[in-house]
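*Asks:* One structure, pasted below without further comment.
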Amino acid sequence: MSYERLNAYHIMWLFVMFDLPVTTKKERKAAALFRKNLEKDGFVMHQFSVYMRFCGSLESAHVHIKRVKSFTPESGHVSILSITDKQYSNIVHIWGNIEKKSKPTPLQLEFF
């Protein structure tokens, strides 16, 4: 492989962000099928309605964009964002602790 092929400006990441209606049984089924099809196409969940996928080239990204368009439900909103690997490297991830709810201790109850 040439350096040109591995250039961080030619490697792509796809983000699929969606807001699909789920008020009826038919809509819930369509939304679930959409998520399942994303996973079959190699996307992974980044957040509940944000999925992402690595693509080795712009051509590969176009193939996956076409696939997502083919199985997008009739209703709802779907956005596809493509960014280069160089842009992806600038993402700032902040992972905070998730607090577990627990019963207050007797000492904590004194302050309420």
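The values are calculated or read from the model by the stated rules, or taken from the named source; none is laboratory data. Since this is a predicted model, take the numbers as computed values, not measurements. When we count neighbours, we look across all protein chains shown, and the Cβ atoms used for this are built from the backbone with ideal geometry, even at glycine. Areas reflect the complete protein model, heavy atoms only, side chains present, ligands, DNA and RNA absent. Shrake-Rupley method; radii C 1.70, N 1.55, O 1.52, S 1.80 Å.
*Asks:* Tell me, what HN-Hα J-couplings in whole Hz come from the Karplus equation 6.51 cos²θ - 1.76 cosθ + 1.60 at θ = phi - 60° for each residue of the stretch 21-30, using x for Gly and Pro?
*Replies:* x, 9, 7, 10, 4, 5, 5, 4, 5, 5
*Asks:* Give a residue-ordered list of calculated ³J(HN,Hα) values for the stretch 42-57 (Karplus: 6.51 cos²θ - 1.76 cosθ + 1.60, θ = phi - 60°; whole Hz; x for Gly, Pro).
*Replies:* Result, rounded to whole Hz: x, 7, 10, 6, 9, 9, 3, 10, 10, 10, 9, 8, 7, 10, x, 7.
*Asks:* Given a 1.4 angstrom probe, what's the average accessible area per residue across the stretch 21-79, in square angstrom?
*Replies:* So the stretch 21-79 comes to 68 Å² accessible per residue, rounded to a whole number.
*Asks:* Name all residues of the stretch 48-79 having a backbone nitrogen under 15 Å from the label point set 7 Å from the Cα of Ile98 along its Cα→Cβ direction, giving them as ranges.
*Replies:* 48-49
*Asks:* Per q in 0.20, 0.21, 0.22 Å⁻¹, report the Debye log10 I(q)/I(0) for the stretch 1-90, using one uniform scatterer on each alpha carbon and no solvent.
*Replies:* Computed log10 I(q)/I(0) values: -0.90, -0.96, -1.03.
*Asks:* A further question on this structure: Looking at the stretch 1-96, which GluC sites (Glu not before Pro) are in a loop (DSSP not H, G, I, E or B) and have at most 11 other Cβ atoms within 10 Å?
*Replies:* Glu74
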